[in-house]
Amino acid sequence: MTWINENFLKLQAGYLFPEIGRRRRAFAAAHPEAKIVSMGIGDVTQPLAPTVVEAMKRAVEEMGRAESFRGYDDSGIGYEFLREAIRANDYKARGVDIDIDEIIVSDGAKCDTGNMQEIFGLDNIVAVSDPVYPVYVDTNVMAGRTGGPEGQGRYEGIVYMPCTEEDDFVPEPPAEEVDLVYLCFPNNPTGAVATKEQLAKWVDYARRNKAIILFDAAYEAFIRDPAIPHSIYEVDGAKEVAIEFRSFSKTAGFTGVRCAFTIVPKQLKAYKKDGGVVEVGPIWKRRHCTKFNGVSYVTQAGAAAIHTKEGRKQVKKTIDLYMGNAKLIRQTLGEIGYTVYGGVNAPYIWLKTPDGVSSWEFFDMLLNKAHVVGTPGAGFGSAGEGFLRLTAFGQPENVKEALERIKAIS
Ligand SMILES: *Cc1c(COP(=O)(O)O)cnc(C)c1O
């Protein structure tokens, strides 16, 4: 007889996006003439930068010749040309010294943020913000680090930190001791960013409690305010307590190409039950190279191309286009009288529903009257109730049209 891993049975059905799809299809079937604009899905729409495409073509040609063909990447953690470009441009240029041995390239920040918990003991207490990117929670449920569901999408044993308007959607470190903390800034779904002072409080908390911060910086490229840190390592002492996740997905339109990386600093330590101290980096690399055989050479060549002069310019242009959308969404909704957050240093706008209308009621109203699809905030956690997430990843003409329609019904 084969036993199933019953931790997987604790997972609540993937409810949010299937339900959005169901309501959208029902509406489309009843109103075939309506042109629905989606501002709901967190996927990019603009094509790859031409420099990236050229670099990938060259790499394919190299792979097609015996003398320049490449098989497995022997390092298992990414080619040096890519890790060196990351070290110099993503970190050194912002005053952060990262060694290329601390950079581990992968095929996605979703996998990295999901897999990282594997190397830590099952009795660690995990803290997440509410609302939250569901990957952090579900992977801990699968691992058996939680009890069963306890309503409102929550699981027993996880510490939820509600993010509200009062705290600018940046949680304070909890009063209790937790061991693993997931933070994501700029945030999906709220679009909030954390200041250096706010991150310093977390670093301080982690150092005091010997906790580790898992810092998801997938949206750092959207930061506009020069005072906002792009990396948690801009805070003194963070290398002792933080792992940072980054991705080419939103930065350079790689959602369908797949490339990301994780920083595990040499100073980062975890503990054994006998009091011994263990360096985390080698254990993550051991896990990574055992279960993963590297990102394709063609992909890594494309990723490195965003760090050329021309590549940087082209990638910035695309991000500027998305942030132009974000600005227009914020402005228009603000003029109509809605309260909106985010959208300044992030591609997400967190819209407060008026008059205590629920997230799903507001979603239905927008779909039925303006033919616009958002994402109900309640789907990201109970503290998301009363909010709707809009994304700035659309085509500008679609965004404009959606906003005109919202204006017309307001
Ligand atoms: C999109 C996203 C990522 C990136 O995931 P990839 O697997 O690299 O495409 C990571 N974290 C958050 C919160 C995201 O929204």
- Message: I want to check the label-to-label distance for Glu6 and Ile336. Put each point 7 Å from Cα in the C-beta direction and report it in nm to one decimal.
- Response: 4.9 nm
- Task: Using only the Cα atoms of region 175-302, build the gyration tensor, take square roots of its eigenvalues as a ≥ b ≥ c, and label the shape rounded, prolate or oblate: rounded if a/c is under 1.5, else prolate if a/b is larger than b/c, else oblate.
- Result: oblate
- Message: List the lysines whose Cα sits under 23 Å from the Cα of Lys57, skipping any in the same chain fewer than 8 residues away.
- Response: Lys250, Lys309, Lys313, Lys316, Lys317
- Note on the structure: For region 162-172, in residue order, the Karplus 3J(HN,Hα) values (coefficients 6.51, -1.76, 1.60; θ = phi - 60°; whole Hz; Gly and Pro = x) are x, 10, 10, 4, 4, 9, 6, 6, 10, x, 7
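Estimate the FRET efficiency between Lys352 and Lys400 by the formula 1/(1 + (r/R0)^6), using the beta-carbon distance for r and 25 Å for R0, to the nearest 0.05. Write out the running numbers ahead of the final one.
Values: r = 22 Å, r/R0 = 0.90.
Using R0 = 25 Å, I get an efficiency of 0.65.
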- For Phe254, Phe120, Phe380, order by how many other beta-carbon atoms lie within 10 Å, fewest first: Phe120, Phe254, Phe380
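What number comes out for the charge environment of Val96, summing +1 per Lys or Arg and -1 per Asp or Glu over other residues with Cβ under 13 Å away? Present the calculation step by step, with values, prior to reporting the outcome.
Working: positive: Arg87, Lys92, Arg94, Lys196, Lys239, Arg246; negative: Asp90, Asp97, Asp99, Glu102, Glu220, Glu234, Asp236, Glu244.
Overall, the nearby charge balance is -2.
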- Sequence-separation-based contact order of region 53-308, relative, with Cα cut under 8 Å and 6+ spacing, percent: 25 percent
- Task: Calculate the length of the line joining the C-alpha centroid of region 279-302 to that of region 11-38, in whole Å.
- Result: 37 Å
- Any idea what the relative contact order of region 178-337 is, in percent, if you count C-alpha pairs under 8 Å spaced at least 6 apart? 16 percent
- Query: Could you name the aspartates and glutamates in cross-link range of Lys92, using Cα to Cα under 20 Å and dropping any fewer than eight places away on the same chain?
  - Reply: Glu80, Glu84, Asp101, Glu102, Asp216, Glu220, Asp225, Glu234, Asp236, Glu240, Glu244, Glu310
- Excluding residues fewer than 8 positions from Lys352 in its own chain, the lysines with Cα under 17 Å of it are Lys327, Lys407
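I'd like the GluC sites (Glu not before Pro) in region 1-81 restricted to DSSP loop residues with at most 12 other Cβ atoms within 10 Å, sorted by number.
Working: sites: Glu6, Glu19, Glu33, Glu54, Glu61, Glu62, Glu67, Glu80; in loops: Glu33.
Those that pass, being in a loop and sparsely packed, are Glu33.
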- Message: I want to check the label-to-label distance for Lys35 and Val60. Put each point 7 Å from Cα in the C-beta direction and report it in nm to one decimal.
- Response: 3.3 nm
- Given a Förster radius of 30 Å and the C-beta distance between Val159 and Arg25 as r, what FRET efficiency does 1/(1 + (r/R0)^6) yield to the nearest 0.05? 0.20
- With Phe387 itself left out, Lys, Arg at +1 and Asp, Glu at -1 over residues whose Cβ is under 13 Å from its Cβ give -2
- Task: May I ask you to list the residues of region 176-206 whose amide nitrogen lies under 18 Å from a point 7 Å from Cα along the Cα→beta-carbon direction of Ala93?
- Result: 186
- Task: Quick one: among Gly14, Gly71, Gly148, which has the greatest mean-square fluctuation in a GNM of the chain with alpha-carbon springs under 10 angstrom?
- Result: Gly71
- Task: May I ask you to sort Arg405, Arg87 by Cβ crowding, counting other Cβ atoms within 10 Å and putting the fewest first?
- Result: Arg405, Arg87
- Task: Between the alpha-carbon centers of region 43-86 and region 90-156, tell me the distance in whole angstrom.
- Result: 27 Å
- Message: Check which residues have an amide H placed less than 5 Å from Thr339's amide H, if you skip close sequence neighbours.
- Response: Lys352
- Item | 20 Å cut-off, amide nitrogen to a point 7 angstrom out along Ile409 Cα→Cβ, residues in region 330-350 | 330-341, 349-350
- Note on the structure: Cβ density ranking, 10 Å radius, fewest first, applied to Ile20, Ile100 yields Ile100, Ile20
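We did not get these values from a lab; they are worked out from the coordinates using the rules stated. These numbers were taken from a predicted model, which means no experiment stands behind them. Positions of Cβ are generated from backbone atoms using ideal geometry, with glycine treated the same way; all protein chains shown enter the neighbour counts.
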